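Read the structure below first, then the notes.
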Amino acid sequence: MSSLNKEKNYILSRRLAWIIAVNLLAFAVLVARLYYLQVYEADKYKMLSDENRISTRFLLAPRGTIYDRNGEVIAKNEQNFQALIIAEQTPDINETLERFKQIVPLSEDEEKKVVADIKNKRRFIPVKLKDNLSWNEVSAILLHAPDLPGVEITEGLSRKYPMGDLYAHVLGYVGPVSEADRKDNPLYMVPGFKIGKSGLERSMDYKLQGKSGTVKLEVNAYGRVMKEIERDPGEQGDSLTLTVDSRLQEAAYKAFGDHSGAAVVLDVRTGEILAMVSTPAFDPNLFTNGISYKQWNELLNNERSPLIDKAVSGQYSPGSTFKIVVALAALEAGVIDADTRFYCAGATEIGNIRFHCWNHYGHGSLNVVEALKYSCDIFFYETALRVGVDKIREMALKLGMGEVLNVGVDNEKAGLIPSKSWKKAKYGTQWAPGDSANTGIGQGYVLVTPMQLVTMLARVVNGGYAITPTFIKPSKKDLEQIKRLKISRRHIELVKEGMYEVVNGVGGTAKRAKFNLDGVRMGGKTGTTQVRRISMKERKTGVIRDEYLPWKLRNHAWFMGFTPVDNPRYAVAVIVEHGSSGSGVAAPIASKILQEALKLDIK
């Protein structure tokens with residue numbers, strides 16, 4: 001072999017050696033990289049792989065059941081069958097829909113929504129056709145399954161209110177999550193998730209919701225479910241037992257008949273709300289799965305406002321029921337006592353304005369008990385002028401007026417208890433003697449809710465203890481912490497005597513509502529408040545009787561009562577909107593309610 005050939009072979013050998021070395025190095029790097037990825041990074045890539053392969057979805061927990069004080073179910077979950085359609089399993093959507101409608105009717109709005117959902121969602125995602133299917137409808141769909149390709153039945157839970165409108169304002173209702181409700185909560189994005197929209201369903205939503213579960217599903221590259229891997233059902237929401245008695249609730253609701261108004265019944269010793277009704281009401285079941293446009297407009301445009309909870313949201317002049325507050329304020333301030341007498345001639349001049357008593361003939365000379373019995377306006381004009389509005393306000397606030405009581409339902413109003421500084425700030429004018437006179441009879445600027453009025457009455461007749469109305473039974477510790485207000489027991493007994501005479505005394509303004517159940521009687525106070533201004537011309541020619549006025553212009557009717565009079569246990573406040581007369585309309589309703597409470601002997 002020549003030297004030239006030797007040199008060529010050397011070069012080739014050397015190059016081959018380098019190629020082999022480079023390949024070995026590359027192979028070593030590849031092996032090392034594979035080892036690193038498969039061993040050291042195995043958990044990371046397994047997780048990434050699982051994220052692509054496994055879809056984790058929320059399972060909605062059943063809401064907690066709500067009971068009345070006797071264990072009666074007033075809000076529950078019911079089995080709910082739904083019909084769904086999967087577009088990719090349906091050769092002809094329109095034909096399948098037409099066949100389905102022959103079995104289960106769909107409204108025009110429902111059909112439009114189904115078509116829109118199918119158009120906007122991927123074809124393998126189920127779309128709701130109809131929910132709340134009856135057994136007969138489910139059976140019919142299953143029977144015709146071969147003619148309904150892509151249609152399937154699923155089972156879920158739906159919120160139900162067995163007593164309908166009876167608890168509409170207490171419980172409220174649940175509904176789908178709206179844009180306004182959305183928060184940083186992934187559950188709020190789950191189709192079908194519902195939250196409390198009003199009433200206790202809303203205020204206690206965090207307890208009733210429960211703990212959501214999860215289900216892990218294996219999906220393919222297109223997101224289609226292949227199989228279920230793991231399921232955690234979650235935990236049902238907490239149950240809730242209220243202080244309300246359904247028997248008394250029903251009796252109170254029925255007592256109103258066709259009247260519009262509200263009533264609240266309290267246990268004066270504990271503050272437990274035994275009944276709370278607002279009439280007319282609505283069926284909360286309408287809202288569970290979405291109320292129709294027509295039904296919503298009917299409720300919204302009803303002049304008697306069924307959507308408003310008049311018990312806590314209705315703000316009214318309290319009329320003569322407020323005379324209890326004025327009497328206590330004056331007695332506590334020492335400007336009157338049990339023997340103080342004022343003369344009622346039917347009218348009086350305050351400044352350059354003539355103020356009238358409801359009794360144009362006058363009541364003559366009266367003390368505070370007699371003034372309450374006959375509801376004399378002149379006595380309380382004079383009393384309010386002597387004690388002053390700020391002392392009246394102080395007593396009203398002490399008794400639970402002019403503030404939100406936070407009972408747990410929606411849109412609770414604070415009412416209004418005026419003062420000199422309030423008027424100056426609001427209107428830029430000084431407080432006038434006429435303002436005090438109007439305040440003395442619960443008119444003018446004063447506004448209260450039925451819940452506030454019954455709280456005031458309960459705090460008076462229980463001996464001055466500052467109970468707070470509640471739907472949740474207070475503990476023994478809570479009851480021990482109830483404070484006694486600094487009000488003379490002698491003065492409390494004086495106004496209680498006046499309220500006894502209102503119902504049971506000869507000539508009392510509520511004598512037609514009195515009862516005697518085995519020696520148990522009722523005390524109370526009537527109130528009638530104007531909703532229109534009566535001109536001097538009308539007074540001269542004769543005030544138009546309420547029954548000749550349109551409903552909206554008639555007076556509101558009030559009554560608040562308590563029983564038994566010797567050892568008070570129950571208190572009720574009743575407002576009848578445009579009811580004309582507290583003694584003729586509101587007092588008989590309150591009497592029926594209190595008699596029912598006594599008969600039931602609520603524990």
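List the trypsin sites (Lys or Arg not before Pro) within segment 456-516 that DSSP assigns to loop and that have no more than 14 neighbouring Cβ atoms inside 10 Å.
483, 486
Using a basic spin-label model with each label point 7 Å from the Cα along Cα→Cβ, how many nm lie between residue 414 and residue 466?
For the pair residue 414/residue 466, the computed spacing is 1.7 nm.
Given a cut-off of 21 Å, name the pairs among 413/476; 113/294; 423/483; 420/486; 525/592; 76/211 whose C-alpha atoms lie farther apart than that in the structure shown.
Cα-Cα > 21 Å for 413/476; 423/483; 420/486; rest within.
Take the alpha carbon atoms of segment 492-511, find their center, do the same for segment 435-467, and report the distance between the two centers in whole angstrom.
17 Å
Between residue 19 and residue 214, how high is the FRET efficiency from 1/(1 + (r/R0)^6) when r is the Cβ-Cβ distance and R₀ = 41 Å? Nearest 0.05.
0.15
Applying the Karplus parametrisation 6.51 cos²θ - 1.76 cosθ + 1.60 with θ = phi - 60° to the phi angles of segment 567-584, what ³J(HN,Hα) value in whole Hz is obtained for each residue in order, glycine and proline being reported as x?
8, x, 10, 10, 10, 9, 10, 10, 10, 10, 5, 6, x, 6, 9, x, 6, x
Between residue 135 and residue 110, 0.36 nm times their residue separation minus their Cα-Cα distance comes to what?
Gain on stretching residue 135 to residue 110: 7.0 nm.
In segment 242-308, which GluC sites (Glu not before Pro) are in a loop and have at most 13 other Cβ atoms within 10 Å, using DSSP for the loop call? Each step should come with its number before you reach the end.
Working: sites: 250, 272, 298, 303; in loops: 303.
Those satisfying the criteria are 303.
Using a Förster radius of 51 Å, what is the FRET efficiency between residue 72 and residue 303 based on their Cβ-Cβ separation? Nearest 0.05, please.
According to the calculation, E is roughly 0.95.
Separation of segment 271-302 and segment 336-375 by C-alpha centroid, Å?
Distance between centres, Cα-based: 43 Å.
Bear in mind that the values in this text are calculations on the coordinates, not laboratory data. Since the model is a prediction, treat every value here as computed from it, not as a measurement. Quick reminder, even Gly has a Cβ in these numbers, built from the backbone with ideal geometry, and neighbours come from all protein chains shown.
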